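Below is one structure, written out as structure tokens, with a few remarks after it.
The values are calculated or read from the model by the stated rules, or taken from the named source; none is laboratory data. Quick caveat, the model's predicted, so the values are computed rather than measured. Every residue, glycine as well, gets a Cβ built from its backbone with ideal geometry; the counts of neighbours run over all protein chains shown.
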Number of protein chains: 2
Amino acid sequence: MPTFDTVAFDADDTLWHSERYYAQTQAEFTKLLAHYRDEEYIHAHLYEVESRNIQHFGYGVKGFALSMIETAVELTEGRVSGNDVKAIITLARNMLSADIELLDGVSETIAQLAERHRLMVITKGDLLDQEKKIQRSGLRKYFHRIEIVSEKTRESYARLLAEHSIATQKFFMVGNSLRSDILPILELGGSAAYIPYEITWQHETAETPGGDAGFHQLEHIGQLPALLDQLEK
Amino acid sequence: MPTFDTVAFDADDTLWHSERYYAQTQAEFTKLLAHYRDEEYIHAHLYEVESRNIQHFGYGVKGFALSMIETAVELTEGRVSGNDVKAIITLARNMLSADIELLDGVSETIAQLAERHRLMVITKGDLLDQEKKIQRSGLRKYFHRIEIVSEKTRESYARLLAEHSIATQKFFMVGNSLRSDILPILELGGSAAYIPYEITWQHETAETPGGDAGFHQLEHIGQLPALLDQLEK
């Protein structure tokens with residue numbers, strides 16, 4: 001019996017690339033508005049609109065699209081063209097049907113860990129979009145459960161652990177967001193591996209916790225099996 | 001031990017009013033575009049855009065908002081004003097923060113049934129929106145589980161029943177959509193009560209099943225306890 005009977009993974013930017021599609025889309029969006037405002041101004045305003053909309057729209061591509069459209073109207077003082085608005089919707093639809101690109105080492109690591117642990121995905125975002133990405137990833141068969149949640153907080157993790165009768169000390173979470181994947185688990189007394197991705201959305205940044213026994217940082221998911229082996233000795 | 005140990009409810013237009021907010025929003029949307037096209041044309045075009053977008057956006061207010069915006073651009077051949085686009089986003093935000101109005105008899109019926117059965121909500125739509133509505137409804141405490149799914153099909157119900165170890169013959173589903181709440185359950189061999197709502201979205205229409213022993217139709221949720229009593233005799 002392994003020490004950690006359940007190992008749970010965040011999905012976006014932990015199993016597959018995601019933030020780079022947001023960055024690419026944001027670059028296209030900036031181009032559409034380039035004759036109104038400079039890039040920095042557009043980014044700052046978009047982030048402001050996204051932040052105020054998150055309580056209504058939650059996470060994911062659809063809310064991002066609505067925030068881009070609202071930003072475009074505001075920055076152009078209503079002069080944005082219908083065709084530019086339609087182009088923004090097309091950008092969103094393209095994000096939703098983009099190919100899944102797994103991060104290096106994910107396939108092998110997940111297949112290897114599935115032999116020894118019960119694996120879960122715990123992710124936030126749009127329900128349909130996340131379900132489709134998991135299907136298209138080819139990894140579905142390795143995961144015992146997929147949980148798509150509206151927010152990753154201490155409370156939402158505690159509820160999930162209770163629902164699945166998982167003891168906190170036997171739970172190990174892996175993800176690229178300190179704020180959403182790591183800190184809530186440490187607060188609950190669980191263990192977590194933080195694997196930073198090349199880009200972190202401003203909304204997800206947080207300080208690296210110091211001195212917590214349950215906290216581990218890796219450079220690469222391929223290092224995870226060795227870490228778990230070592231912790232279980 | 002009751003015959004039906006789990007009674008599951010759809011949420012929108014089964015527990016609380018929803019379609020009327022879509023209808024009100026659609027009326028406002030039609031007004032915005034009134035100098036371009038007549039009402040019938042606008043409704044037909046919106047339904048066409050929604051139908052083609054559902055595979056990308058799924059159900060719920062955010063996808064509805066994006067489809068309204070796309071319809072507005074198409075029907076005006078790109079001439080829709082930025083302010084009208086912003087007005088559409090505001091309509092969507094208003095829908096997401098609208099008060100919950102329970103249908104008549106829901107509070108008493110749910111409280112009564114919770115004494116004897118394990119109750120669930122099985123609904124589709126945007127994750128955050130549905131979670132917030134359940135919280136605001138005041139009914140959360142009566143439900144053992146809340147399941148928000150991207151599509152209500154025979155497969156998705158079969159998966160939920162398996163995950164919760166519920167025997168099909170002990171499962172009773174209640175809802176206002178034949179297509180999403182009733183037919184998949186009957187196909188699985190379960191029982192269901194169809195309670196039509198005053199408006200049915202075109203996408204959810206289906207023929208009433210004839211001669212299925214598990215099929216029941218009620219006029220009002222208040223009739224449900226008596227039906228379950230009778231079936232359990």
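Of the residues A:107, A:97, A:81, A:156, the single one that is of a type in the set (Ser, Thr, Tyr), more than 28 Å from residue B:151 (Cβ to Cβ) and surrounded by fewer than 20 Cβ atoms within 10 Å (Cβ to Cβ) is A:81.
For residue A:28, the conditions (1) out of contact with any Leu (no Cβ under 6 Å at 6 or more places or on another chain); (2) assigned to a helix (DSSP H, G or I); (3) more than 20 Å from residue A:177 (Cα to Cα); (4) of a type in the set (Asp, Glu) are fulfilled apart from (1). What residue, among those in the stretch A:31-47 that are outside any loop (DSSP other than H, G, I, E, B) and among the aliphatic types (A, V, I, L, M), is farthest from the chain's Cα centre (by Cα)? Result: A:32. The residues of the stretch A:122-180 that are among the hydrophobic types (A, V, I, L, M, F, W, C) and under 17 Å from residue A:111 (Cα atoms), listed by number, are A:134, A:139, A:143, A:146, A:172, A:173, A:174. When you go through B:78, B:58, B:82 one by one, which is the residue that is touching a Leu at 6+ places or on another chain (Cβ under 9 Å) and not aromatic (Phe, Trp, Tyr)? On inspection, the qualifying residue turns out to be B:58.
Determine, yes or no, whether residue B:214 is over 30 Å from residue B:44 (Cβ atoms), at pLDDT below 95 and touching a strand residue (DSSP E or B) at 6+ places or on another chain (Cβ under 7 Å). When the stated conditions are applied, residue B:214 passes them.
When restricted to residues that are in a helix (DSSP H, G or I) and free of Cβ contacts under 8 Å to residues at least 24 places away in the same chain, the stretch B:219-233 contains 4. For the stretch B:48-102, a residue qualifies if it is among the acidic types (Asp, Glu) and either more than 10 Å from chain A (Cβ to nearest Cβ) or in a helix (DSSP H, G or I) (or both), and the qualifying residues are B:48, B:50, B:70, B:74, B:84, B:99, B:101. Counting only helices (runs of 4 or more DSSP H) that sit completely within the stretch A:104-218, those holding 2 or more residues that are within 14 Å of chain B (Cβ to nearest Cβ) and within 30 Å of residue B:124 (Cα to Cα) correspond to A:127-137, A:154-163. For residue A:39, state whether it is touching a Phe, Trp or Tyr at 6+ places or on another chain (Cβ under 7 Å) and surrounded by fewer than 22 Cβ atoms within 10 Å (Cβ to Cβ). No; evaluated as a whole, the condition is false for this residue.
Annotation: of all residues in the stretch A:200-218 being surrounded by 15 or more Cβ atoms within 10 Å (Cβ to Cβ) and touching a residue at least 60 places away in the same chain (Cβ under 8 Å), the one that is nearest to residue A:175 (Cα to Cα) is A:200.
Against the condition in the same structural domain as residue A:48 (by TED's automatic domain parsing) and not hydrophobic (A, V, I, L, M, F, W, C), how does residue A:138 come out, does it pass? It is false that residue A:138 is in the same structural domain as residue A:48 (by TED's automatic domain parsing) and not hydrophobic (A, V, I, L, M, F, W, C).
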